[in-house]
Amino acid sequence: MKRTLAALPLVLVAAGLTTACAPGSSDVEDHVVKAVSEGSSVPVADLVDDADAKRFTIVCPYELPADVATRLGVSAKDLPDLSKRDDAQALVAVTATGVDAAEFRRERVDLCSSEGPWPVYEKTDTATVAVTRNEDDVYIVTRAS
């Protein structure tokens with residue numbers, strides 16, 4: 001019993017360190033929220049913080065990974081599967097070394113209010129998106145038709 005109690009603080013510290021150091025999509029979400037909060041029209045390339053990104057798209061609820069893979073020219077196994085969910089979205093960037101995908105909830109920013117799938121954008125694209133804020137204080141991002 002004494003050994004178990006003596007080891008407990010070490011286990012708790014290790015669990016805390018693992019949780020604190022685990023990478024999450026919150027950095028990507030925070031970047032997107034910061035980018036869209038800067039105006040009513042924002043360059044679409046500002047949504048991606050990854051300097052190595054060559055091209056990118058947004059994956060919206062109910063999209064099949066195979067459809068997104070075809071759009072991006074990558075393997076579906078590298079993509080998040082949101083095909084049965086409506087609570088999340090993902091930003092997917094293709095880099096020289098592979099695919100970076102970050103899934104995050106739609107509670108702070110909603111990139112999926114426009115009809116149809118997002119096109120693929122180059123990191124150098126000059127297209128813009130419109131940004132509004134709804135009554136729930138969520139940023140709503142609408143791409144041009």
Residue 74 assigned to a helix (DSSP H, G or I), crowded, with 17+ Cβ neighbours inside 10 Å and at pLDDT 95 or above: no
Just to be sure before I move on: is residue 133 out of contact with any helix residue (DSSP H, G or I) (no Cβ under 7 Å at 6 or more places or on another chain) and crowded, with 16+ Cβ neighbours inside 10 Å in the structure I sent? no
Suppose we filter segment 93-114 for residues that are touching a Cys at 6+ places or on another chain (Cβ under 9 Å) and either assigned to a strand (DSSP E or B) or among the charged types (D, E, K, R) (or both); how many remain? 1
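Restricting attention to segment 115-127, does a residue exist that is under 15 Å from residue 28 (Cα atoms) and assigned to a strand (DSSP E or B)?
Initially, segment 115-127 is screened for residues under 15 Å from residue 28 (Cα atoms), giving none.
No: zero hits.
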Taking residue 126 as the residue in question, decide whether it is without any contact (Cβ under 8 Å) to a residue 60 or more places away in the chain, surrounded by fewer than 19 Cβ atoms within 10 Å (Cβ to Cβ) and either farther than 15 Å from residue 32 by Cβ or within 15 Å of the chain's Cα centre (by Cα) (or both). no
Against the condition in a strand (DSSP E or B), of a type in the set (Asp, Glu) and within 15 Å of the chain's Cα centre (by Cα), how does residue 81 come out, does it pass? no
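Please find, within segment 52-62, the residue that is nearest to residue 118 (Cα to Cα) out of those that are outside any strand (DSSP E or B) and in contact with a strand residue (DSSP E or B) (Cβ under 9 Å, 6 or more places away or on another chain). Walk me through it before giving the result.
Going through segment 52-62, the residues outside any strand (DSSP E or B) turn out to be 52, 60-62.
With in contact with a strand residue (DSSP E or B) (Cβ under 9 Å, 6 or more places away or on another chain) added as a condition, the list becomes 52, 60-61.
Numbers: 52: 20, 60: 8, 61: 12 Å.
Once the filter is applied, the top-ranked residue is 60.
Results for (1) at pLDDT 50 or above; (2) within 21 Å of residue 105 (Cα to Cα), shown as yes or no for each residue.
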site: 7; (1), (2): no, no
site: 10; (1), (2): no, no
site: 34; (1), (2): yes, yes
site: 41; (1), (2): yes, no
site: 45; (1), (2): yes, yes
site: 52; (1), (2): yes, no
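Let's see how each residue does on (1) within 14 Å of the chain's Cα centre (by Cα); (2) exposed (fewer than 13 other Cβ atoms within 10 Å of the Cβ):
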site	(1), (2)
53	yes, no
62	no, yes
102	yes, no
121	no, no
142	no, no
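The values are calculated or read from the model by the stated rules, or taken from the named source; none is laboratory data. In this text, all values refer to a predicted model and were calculated from it rather than measured experimentally. Note that we place each Cβ from the backbone using ideal geometry, even for glycine, and neighbour counts take in every protein chain shown.
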